[in-house]
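To start, the structure under review is shown below, and the notes come after it.
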Amino acid sequence: MSANRMTLLARQCAAITLGGLLSSAVCAEVLPLPADGSDLVGQTKYVPARQEDTLIDIAREYSVGQDEIVMANPKVDRWLPGAGTQVTVPRQFILPNAPRNGIVVNIPEMRLYFYPSAGKGAKPTTVVTYPISIGRMDWRSPLGVTKVVAKVKDPVWRPPASIKAEHAKNGEILPDVVPAGPNNPLGQFAMRLGVPGYLIHGTDQDKSYGIGMRVTHGCIRMYPEDVARLFPEVAVGTPVNLVNQPVKLGWKGDALYIEVSESLDEDRLSPADLMAKAVSLIQKETATRPVTIDEAALRKAVEEPTGIPTVISLSGAAPLEASAPYSPAGDVEPRSGEIGYAPRAAMEEPSAPRYETQIEAPRVSDPATSYGTEERPSTESLF
């Protein structure tokens, strides 16, 4: 895809008004929330590559992250997919296990979900989702519940000493102040979170194609056209829920789906750990909804993650038993040859919400080794 064409697409996506969202096939879509209690939204797309396309071009055109599209196309060359090659565009998602309001960010998935307000007292009826970049292992993005505390158009970046020192090691001397403009790493729009020093923001022209990877100093970075679309829709005070869910489960009708992303490096989760997590979630989801688990589909989804929802239940209700190699620590031992997906005595009440218990967001006083919080001299300190 030519640079001129991508520039045109970016301009089309950014051509928004304060009165509403732009509808376009090349932008992030406004997806209706399922009215039947299901958890899946969107549809996986399949598009033929042009001769000049890279996977990264196609990812940006469809508001997908770089790692996302590579993971969904493990046999396709990232830089030369080839004319006519069918490319899978992962545009179907299981909604994170979190309250469906405000902003929800699933860190390992590297994806942000925004639930636009439907009016006072009304539940959201739609969701818009965007790919993001997150903090590197040594500059972890925070987890927990916070909120948007300020919004800035054309922000100024004042790099902290820690980042200046890091760049200096590579022979790049950063100025004390980077003014607003095309070379500002915060981009044109920034939303400051209640966790000091952390922002949701755009990026400069040189980093626009690097969205969807662990490349930031902890902040949440978006495509310029995506943040331009999100910025006017988010009010100060909007809740922001940052979760760590490499394994998500969800229902579509009577079928149970799983979506697996690469876990964070610092969590050090082995395939056995991910399977244990998946089994634990399955036990909770099927406590009151009997299904038979497709062992082969479950194993493949966990061991070969694609980030695409995969059905793991067989049609028709059956006893909650299936053969699988792992069982999470602390679970009741299954009978020989079986793993117990049946309800346990310690299972929470059926009326309990699905939402996981949230941990607190990091404090400013937390050690620098945890989140890279060496200093927070201004609201535009990290990127």
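The values are calculated or read from the model by the stated rules, or taken from the named source; none is laboratory data. Source: prediction; values computed, not measured. For neighbour counting, all protein chains shown are included, and Cβ atoms are generated from backbone atoms with ideal geometry for every residue, glycine included. Remember, those area values only see protein heavy atoms, side chains included, never the ligands or the DNA or RNA. Shrake-Rupley method; radii C 1.70, N 1.55, O 1.52, S 1.80 Å.
Average accessible surface for the range 259-302: 42 Å² per residue, computed with a 1.4 Å probe over protein heavy atoms with every protein chain in place. Note on THR125: accessible area is roughly 90 Å² with a 1.4 Å probe, heavy atoms of protein only. For VAL87, the amide hydrogen comes within under 5 Å of the amide hydrogens of VAL47, ALA49, counting only partners 5 or more places away or on other chains and with H modelled in the peptide plane.
Quick one: which of LYS123/LYS151; LYS45/LYS300; LYS123/LYS248; LYS45/LYS120; LYS207/LYS277 span more than 28 angstrom between C-alpha atoms?
Numbers: LYS123/LYS151 24 Å; LYS45/LYS300 21 Å; LYS123/LYS248 22 Å; LYS45/LYS120 35 Å; LYS207/LYS277 34 Å.
Flagged as over cut-off: LYS45/LYS120; LYS207/LYS277.
Identify the chymotrypsin sites (Phe, Trp or Tyr not before Pro) of the range 33-112 meeting these criteria: DSSP loop state and at most 14 other C-beta atoms within 10 Å of the C-beta. List each step's numbers first, then the result.
Values: sites: TYR46, TYR62, TRP79, PHE93; in loops: TYR62, TRP79.
Those satisfying the criteria are TRP79.
Residues whose amide H falls under 5 Å from that of ARG111, counting only those 5 or more places apart or on a different chain, are ASN106, ILE132, with hydrogens built in the peptide plane. At 37 °C and 0.692 mPa s, grab the translational diffusion coefficient of the range 203-304 from Stokes-Einstein with a Kirkwood Rh over Cα pairs, rounded to a whole number in µm² per second. The Stokes-Einstein estimate is 196 µm²/s. The modelled label-to-label distance between TYR209 and VAL236, using points 7 Å beyond Cα along the C-beta direction, is 3.8 nm.
Express the carbon and sulfur contribution to the solvent-accessible surface of the range 188-301 as a percent, rounded to the nearest whole number, probe 1.4 angstrom. If you can, show how the numbers build up before the last one.
Working: 1830 of 3680 Å².
Result for the range 188-301: 50 percent of the exposed heavy-atom area is carbon or sulfur.
Across the range 206-212, computed HN-Hα scalar couplings (Karplus, 6.51 cos²θ - 1.76 cosθ + 1.60, θ = phi - 60°) run 7, 10, 5, 9, x, 6, x Hz from first to last residue, x flagging Gly and Pro. Computed from backbone phi with θ = phi - 60° and the Karplus coefficients 6.51, -1.76 and 1.60, the 3J(HN,Hα) list for the range 280-289 is 4, 5, 4, 4, 5, 5, 9, 4, 10, 10 Hz; x is used for glycine and proline. Across the range 108-114, coupling constants 3J(HN,Hα) worked out from phi with the 6.51/-1.76/1.60 Karplus curve, θ = phi - 60°, read x, 6, 6, 8, 10, 10, 10 Hz, and Gly and Pro carry x. Net length available on complete extension from ASN101 to VAL311 is 73.0 nm, with 0.36 nm assigned per residue and the Cα-Cα distance removed. Put simply, the amide H of LYS151, placed in the peptide plane, has neighbours under 5 Å in ARG192, leaving out anything fewer than 5 places away on its chain.
Kirkwood analysis of the range 23-106, using all unique Cα-Cα pairs, places the hydrodynamic radius at 14.1 Å.
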